[in-house]
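Novice: Sending over a structure as structure tokens; questions will come in a sec.
The values are calculated or read from the model by the stated rules, or taken from the named source; none is laboratory data. Keep in mind it's a predicted model, so treat the numbers as computed, not measured. Glycine gets a Cβ as well: all are built from the backbone with ideal geometry, and neighbour counts include every protein chain shown. Accessible surface areas use protein heavy atoms only, side chains included; no ligands, DNA or RNA. Shrake-Rupley method; radii C 1.70, N 1.55, O 1.52, S 1.80 Å.
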Amino acid sequence: MGDAIPSVTRSSMSASRAVISVKSSGHDLLLREGNASGGAAVRGYAAFGLLHDAAANDTAIRSTSALMTLAALPGATSAVGQQRLKQSMTKYLDGIEYEFGVQYAPAEFKTRLHGWSLEQAFEKARVAVRDSATIDIKTFQRILMDLVQSTKDYHVSISFYSAERAKLPFTVQGVGEGAARKFFIVDIDLTRLSTEVFPFEPGSEIVKLDGRPVGAIVAELRAQAGDNIAATDQKLAEMTLTSRAAARGMDVPQGPVTITVRDAQGKEHSRQLMWDYTPETAPTPREMGGQSFGPTLKAHELQGRKSDDASAGDDELLGAQLAASAVNNMTLPMAQVIAGDERANPYGLGAKKSFLPRLGEVVAEAAKDCPFDWYICQNEQGKLVGYVRIPSYSVEDSEASLAAFADIVKEMQKSTDALVIDQVNNPGGSVFYLYTLASMLSDQPLATPRHRMSITQAEVESAKGLVKAGEAIMASKDPDTLAKLLFGPTMGGYPTSAVTAQFMAQYGRFIIEQWNEGKSVTDPSHIWAVDHINPNPDEEARYTKPILFLVNETCFSGGDFMPSIMQDNGRAKIMGVRTAGAGGYVHEIESSNLFGVKAIHVTGSIAERPTGRELENYGVTPDVAYVETERDLREGHVDQKNAINAEVSKLIAAA
């Protein structure tokens, strides 16, 4: 943009929508107000460097560089420096508020359920900035954390640029309610901690860290992480007791720490360890001198822009290809930060192997290189029971994983009387991959949830591409081949065909129609117009016998969707604890800043089950409730094993 002054006009698009058309450097850019109020929209444009401060002239325009460069700032601790810093933080909040208003699909639902208000939440953050006696980046990051947590939405999250973290080589989990809750060491990394140094075993009760009760520390961690679903919040806090990351806005300990354990006779024993500390590798941006502290506008990222170096046809086809991934992400955004490099830990999110013991005498099991942990065992009644662990719906090689799953299903269908699917601690992943797995668990079509989706010009342009691609595919001499050429042989493992393209084109038409009706959040509809998941084309790769599906409070997003599909279609009995209730797909808000913000994620849709009940915040309530016992944590989940076997026996008897 340089220092050219863009011109701005306001026009009416519909009775409920206003559009600002910005002309700059030869580009026409459309900025839609979306769900935000007029005031929020104007603040949003100002924050992105398009408008003067309203107090000066709310219709004038500045260039991005002129507005956002805070030249020759005095020291950030001086009165003038603090004022300028607070102003830049407020502008950043204004821009993020606008993005939330446009992209956050569950806003209305959150108002009905929790009384949450977009405007009030952001105003509270601005007041916190304004009223801080002395503010710095760390304080501002805490304000941002409080802001995203106010939504009570596990998909809405913020991460920061930071390598600083600290870990202890064991994992803790609690059992019991309130002040009576006890905490136990459930896993020890023996590669980092010898029994000579730490003569305790999994199942040992841990009572103190540096003389402080473990329960008090966990309560503090839970309070810092917000207030959403109690059981899920508690489990996440316990996961972070021995694994802290500054990328999540946490304070990171270092140095020695004294661990106190209580034995079976009630006697306490203490050992001193060191936090495995990783220091920060890059300094925090200086809060002074010639720095831009707000979001920097990148013209090519604005919604509604057309490429200058591509024809409209190329743009639309490219949009169709990009659209294939736009609503595919159903993952807990912070899962990787929480899990870290602990995927071998059976209690971690997305761990390949679960903490559950073998359910019986094993007669066949997975090879070491298989992407799934599975086995077949004989129960006490002499029946053969299959077990397969689905740790995540996000995999590096979906085609290889699905081929392996198909082979497992074939063996299970041929050899077993029932199947146990272990999906505990599943952080979600690709909806395409999830649908393909589900297609192998039934010989009947499975109904899918519907979504109310936030849409902008970007989604409309992608939808046009889907429609055009579908028309081109169906008009070709070899539709299946062209579909695979445009979209690849599979999408997250879901087979691509001309029929797939037809469904996607129908979905594209729906998005365009909804936009033309003036809606920025759609009516309920199925992703890609797929209202049912058809059985796998390979009849041998369909499991038709009873299924027991295991879930817990740390099953998120795709980990909510799969059990809901199984339950809503009467295909499996769900057992465990209610899932977390992260009910939609995820969008990422991108904005350049010097506040250390790496990414902000928001929920781009809100899903509802056939009953009309939302998945968000409600999750999936099991058909058979099971809460882990103290004996489970002390003795390797023996009570849970017995309960699972009892339910499997009931399923087999009823079949």
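Novice: Pairs please, first residue from the stretch 173-196 and over 22 Å from GLY266 (Cα atoms), second anywhere and open to solvent by 30 Å² or more (accessible area, probe 1.4 Å), Cβ atoms under 8 Å, 6+ apart in sequence or on different chains.
Specialist: ARG192/ASP276
Listed here are the residues, each with its yes/no results for (1) buried (at least 20 other Cβ atoms within 10 Å of the Cβ); (2) of a type outside the set (A, V, I, L, M).
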position: LEU193; (1), (2): no, no
position: GLU196; (1), (2): no, yes
position: PRO199; (1), (2): no, yes
position: VAL214; (1), (2): yes, no
position: ALA223; (1), (2): no, no
position: ALA230; (1), (2): no, no
position: ARG244; (1), (2): yes, yes
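Novice: Quick one: which strands (runs of 3 or more DSSP E) lie wholly within the stretch 483-596 and hold at least 3 residues that are touching a helix residue (DSSP H, G or I) at 6+ places or on another chain (Cβ under 6 Å) and at negative phi?
Specialist: 547-551
Novice: Please tell me if ILE206 is more than 24 Å from ALA163 (Cβ to Cβ) and either touching a Ser or Thr at 6+ places or on another chain (Cβ under 9 Å) or assigned to a helix (DSSP H, G or I) (or both).
Specialist: When the stated conditions are applied, ILE206 passes them.
Novice: Return only the number of the condition from (1) touching a Pro at 6+ places or on another chain (Cβ under 9 Å); (2) modelled with pLDDT of 95 or more; (3) closer than 29 Å to THR134 by Cβ that PRO253 does not satisfy.
Specialist: (1)
Novice: Hey, can you tell me all the residues within the stretch 388-398 that are open to solvent by 10 Å² or more (accessible area, probe 1.4 Å) and modelled with pLDDT of 95 or more?
Specialist: Within the stretch 388-398, PRO391, SER392 qualify.
Novice: Could you grab the pairs with beta carbons closer than 7 Å, sequence gap of 6+ or different chains, first residue in the stretch 372-390 and more than 23 Å from LEU349 (Cα to Cα), second one of a type in the set (D, E, K, R) and open to solvent by 10 Å² or more (accessible area, probe 1.4 Å)?
Specialist: Listed pairs, sorted by first residue: CYS377/ARG358; CYS377/GLU361; GLN378/GLU361; LYS383/ASP417; LEU384/ASP417; VAL385/ASP417.
Novice: Separate question: Can you tell which of SER415, SER439 is open to solvent by less than 50 Å² (accessible area, probe 1.4 Å), under 28 Å from GLN640 (Cβ atoms) and not hydrophobic (A, V, I, L, M, F, W, C)? Write out each step before concluding.
Specialist: Numbers: SER439 fails: under 28 Å from GLN640 (Cβ atoms).
Only one candidate passes the filter, namely SER415.
Novice: How many residues does the stretch 464-500 hold that are hydrophobic (A, V, I, L, M, F, W, C) and open to solvent by 50 Å² or more (accessible area, probe 1.4 Å)?
Specialist: Summing the residues that are hydrophobic (A, V, I, L, M, F, W, C) and open to solvent by 50 Å² or more (accessible area, probe 1.4 Å) in the stretch 464-500 gives 4.
Novice: Every residue in the stretch 401-417 that is under 14 Å from GLY386 (Cβ atoms) and in contact with a Gly (Cβ under 7 Å, 6 or more places away or on another chain), please.
Specialist: MET412, THR416
Novice: When the stretch 117-160 is examined, which residues are found to be of a type in the set (Phe, Trp, Tyr) and open to solvent by less than 20 Å² (accessible area, probe 1.4 Å)? Lay out the reasoning, then the answer.
Specialist: Applying the first criterion (of a type in the set (Phe, Trp, Tyr)) to the stretch 117-160 yields 122, 140, 154, 160.
Hits for the stretch 117-160 are PHE122, PHE140, PHE160.
Novice: Would you pick out the residues in the stretch 147-176 that are assigned to a helix (DSSP H, G or I) and in contact with a Ser or Thr (Cβ under 8 Å, 6 or more places away or on another chain)?
Specialist: VAL148, the sole residue that qualifies.
Novice: Same structure again: How many residues are touching an Asp or Glu at 6+ places or on another chain (Cβ under 8 Å) and open to solvent by 60 Å² or more (accessible area, probe 1.4 Å) if we restrict to the stretch 612-633?
Specialist: Result for the stretch 612-633: 1.
Novice: Could I ask something else about it? Being buried (at least 18 other Cβ atoms within 10 Å of the Cβ) and within 17 Å of PHE184 (Cα to Cα) is the filter here, so list the residues in the stretch 249-267 that pass it.
Specialist: ILE259, THR260, VAL261
Novice: Now for a different question. Taking interchain pairs and intrachain pairs at least six residues apart, which have beta carbon atoms under 6 angstrom, with the first residue in the stretch 255-268 and of a type in the set (S, T, N, Q) and the second open to solvent by 80 Å² or more (accessible area, probe 1.4 Å)?
Specialist: Note: pairs meeting the criteria are THR258/ASP210; THR258/GLN272.
Novice: So which pairs qualify, if the first residue must be in the stretch 129-142 and closer than 11 Å to GLY249 by Cβ, the second must be among the basic types (Lys, Arg) and exposed (fewer than 14 other Cβ atoms within 10 Å of the Cβ), the Cβ gap must be under 8 Å, and the two must be at least 6 apart or on different chains?
Specialist: The qualifying pairs do not exist here.
Novice: Any residue in the stretch 374-396 that is in contact with a Gly (Cβ under 7 Å, 6 or more places away or on another chain) and among the charged types (D, E, K, R)?
Specialist: The answer is no; no qualifying residue exists.
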